[in-house]
Structures are given as C-alpha cells and as structure tokens.
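The values are calculated or read from the model by the stated rules, or taken from the named source; none is laboratory data. Keep in mind it's a predicted model, so treat the numbers as computed, not measured. Positions of Cβ are generated from backbone atoms using ideal geometry, with glycine treated the same way; all protein chains shown enter the neighbour counts.
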C-alpha cells in the first residue's frame, strides 16, 4: 500500500511538471542587460553625429551543432539591426538608413514621379559623417564545461554547465578621410545549465521505482550578441572622448560620470586616468 502511494505521488509530480502546464508568455520588448544600462547612462554629447551602418555580418562561419540543422547558424544574422538600435539608444549618434537603401531609393523615385509638374522638390538624403564597420568575429563553444553529481542507493542528483562565448568587433571610420577613429573588440559569455534528479530503485522483489526530473536554462544567443554590441559601442564612445574624436556637452559631467571613468580605467589603466584628469580614484 505504501509503495503504491509513493508511485502515485511520483506520477502526480511528473504530470504537474509536464510542458503542457507551462504558461504561455505574451510578446514583450527584448530584455536588456547591464551593458545597455551603461550605454544609456553615458553623459550627453555636444551634438548627435550622423552615422551609417551598411552591414554588421557574422564572420564566424559557425553553424549549430547536432542535432540542430546544419543550415542553422550559431549566431543571429541581425547584427546591423542590433547596432542601429544601440546607436539610437545611446543618443550619441543618429543612424541614417543604409541597410535598406535600395528600398528607400525606390520609394523616393515614386515620390519624385508624383511631384513632377507640381514645382515641389524632394529633399536630399542626409550624408553620414561616421561609418560603422565590423561584425561578429568569433563564436567559441565549450570554453568551460563541468558538473557535479551524487547517487546513493539509486537516488541521486547532478548538475552540469557549459560556457560559450561570442566576440564582436566595432570600428568607427571618418567618411571624409577613411581614417579609423576607434576600434573596439568585446566578448560576452553564453551560459547553459542543467539540473536533474532521479530515482532508480527496487522497492520489492518484482517492483521497480523509476522517476526523474530536470531543468535546463540556456542564455539566448541573440541577447548575448546584443549585449556585446552595446558594450562595444560604450567602449568606442568612451575611447573617442578620451582621444578627442567627439566632445561632451558638459566636460565636468563627463569627469564625474562613473561609466566613462570605469571604461577609461579598463582601457588605459588607473594611473593614466588619474594623471590626465588630475583626480584620485
């Protein structure tokens, strides 16, 4: 009787954890991490710079491992869209449409055709001052793997984890001269974890109790790529301020901004920052 009760409880637990009971989530904005918070916390620029992004490609050539399809790429192919969104959010740059330039030109032709004979003119397209280049340059899998488990008398639990990493390069090019004003490379880790527990035990001569349950979490690659792009843009802005490529609206505000200071210390060292700014960190 007791054994039947135990088996009934196990069946109820398995049923309760079935995927059919997982609530459906409604559509929401893409989650943003700490890198995005730092990007939007930067001090205001002297003026927004017109910037163009033609492409931000996946240069890794990596595909998902089995059992996924051999035609599924390991990283998203939407880097240009993510970078354009980061430029808008930063308030330092005003992106002009270049990825869908041909569609834009087609629509402008339609407007010109409608304006013929009316004496009206279509305004010219705004030229960019800065060209952003780069891409996703590396995707490394299983950089760190590990786990922990224990089993006693057929009852046990174990956990496993895996760490991948994605690397992006971002550079700002002066369109007038072709000179690279700044170039930054950032890396973001991608974590996957699995926790499971199970029972495999003979409870009588001809009665076997077997039960298992588990939980797996995988950090979305798209969010990690977006975070790496946000971090690269923040590094690039702070590097440009340090080198004089662009200016702050309020110099004093910049000196007191913790995000700028932390990125300068990371890039150039604490002593160099203290010497140049004349402050003690």
Response to the item:
Residues of the stretch 188-205 being closer than 23 Å to residue 235 by Cα and buried (at least 16 other Cβ atoms within 10 Å of the Cβ), in sequence order, are 188, 190
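Residue-by-condition table, conditions (1) under 16 Å from residue 154 (Cβ atoms); (2) touching a helix residue (DSSP H, G or I) at 6+ places or on another chain (Cβ under 7 Å):
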| site | (1), (2) |
| --- | --- |
| 192 | no, no |
| 197 | yes, no |
| 200 | yes, no |
| 208 | yes, no |
| 211 | yes, yes |
| 214 | no, no |
| 219 | no, no |
| 227 | no, yes |
Discussion item. Just checking, does the stretch 134-151 include any residue being in a loop (DSSP other than H, G, I, E, B), touching a residue at least 40 places away in the same chain (Cβ under 8 Å), in contact with a strand residue (DSSP E or B) (Cβ under 8 Å, 6 or more places away or on another chain) and surrounded by fewer than 17 Cβ atoms within 10 Å (Cβ to Cβ)?
Written reply: no
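Counting only residues that are outside any loop (DSSP other than H, G, I, E, B) and within 26 Å of the chain's Cα centre (by Cα), how many does the stretch 255-281 have? Before you say what the answer is, go through the steps one by one.
First, the residues of the stretch 255-281 that are outside any loop (DSSP other than H, G, I, E, B): 255, 258-268, 270-277.
Checking the rest, the ones that are also within 26 Å of the chain's Cα centre (by Cα) come to 258-268.
Adding up the residues that qualify gives 11.
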Item to complete: Scan the stretch 185-200 and give yes if some residue there is in contact with a strand residue (DSSP E or B) (Cβ under 7 Å, 6 or more places away or on another chain), closer than 21 Å to residue 54 by Cβ, modelled with pLDDT of 90 or more and in a strand (DSSP E or B), otherwise no.
Response: yes
Fill in: The one condition in (1) within 19 Å of residue 221 (Cα to Cα); (2) without any contact (Cβ under 8 Å) to a residue 12 or more places away in the chain that residue 179 fails to fulfil
(1)
Worksheet item: Can you name the residue in the stretch 215-243 that is without any contact (Cβ under 8 Å) to a residue 40 or more places away in the chain and loosely packed, with under 14 Cβ neighbours inside 10 Å and, of all such residues, is nearest to residue 79 (Cα to Cα)?
Response: 220
Fill in: Close pairs from the stretch 41-61: first on the phi > 0 side of the Ramachandran plot and touching a residue at least 40 places away in the same chain (Cβ under 8 Å), partner exposed (fewer than 14 other Cβ atoms within 10 Å of the Cβ) and part of a strand (DSSP E or B), Cβ under 9 Å, at least 6 apart
none
Discussion item. Considering only the stretch 109-116, I want to know if a residue exists there that is more than 21 Å from residue 173 (Cβ to Cβ) and either buried (at least 17 other Cβ atoms within 10 Å of the Cβ) or in contact (Cβ under 8 Å) with a residue 12 or more places away in the chain (or both).
Written reply: no
Practice prompt. May I ask you to verify whether residue 172 is assigned to a strand (DSSP E or B) and closer than 30 Å to residue 243 by Cβ?
Written response: yes
Discussion item. For the stretch 1-116, give me every one of the helices (runs of 4 or more DSSP H) that falls completely inside it and has 2 or more residues that are at pLDDT below 90.
Written reply: 2-16, 101-115
Fill in: Tally, over the stretch 256-279, of residues that are exposed (fewer than 15 other Cβ atoms within 10 Å of the Cβ) and closer than 22 Å to residue 91 by Cα
2
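Does residue 120 fit the bill of being out of contact with any strand residue (DSSP E or B) (no Cβ under 8 Å at 6 or more places or on another chain) and modelled with pLDDT of 95 or more?
no
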